[in-house]
Amino acid sequence: RKAEFYAKNQNRVVDRKIVISPMVDERAIPVAKSLGIETYSYADMVVS
């Protein structure tokens with residue numbers, strides 16, 4: 001919902017949804033993938 005809110009209010013297209021967190025629950029990873037969200041442990045791991 002936050003991505004939709006951002007896209008609507010900023011009049012921009014959301015190309016990627018990214019979560020950067022040192023701890024991501026293993027059960028959350030498949031859920032994130034199904035929602036099109038990329039998960040990373042470190043900001044250095046994000047490739048543009």
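The numbers here are math on the coordinates, done by the rules we state, and not lab data. It should be emphasised that the depicted structure is a prediction, and the values quoted were computed from it without experimental measurement. Here Cβ is always computed from backbone atoms with ideal geometry, including for glycine, and neighbour counts include all displayed protein chains.
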* Within segment 15-29, is even one residue basic (Lys, Arg) and touching a strand residue (DSSP E or B) at 6+ places or on another chain (Cβ under 7 Å)? -> yes
* Asked: Within segment 1-34, can you find the residues that are part of a loop (DSSP other than H, G, I, E, B), surrounded by 10 or more Cβ atoms within 10 Å (Cβ to Cβ) and among the aliphatic types (A, V, I, L, M)?
  -> Val14, Val24
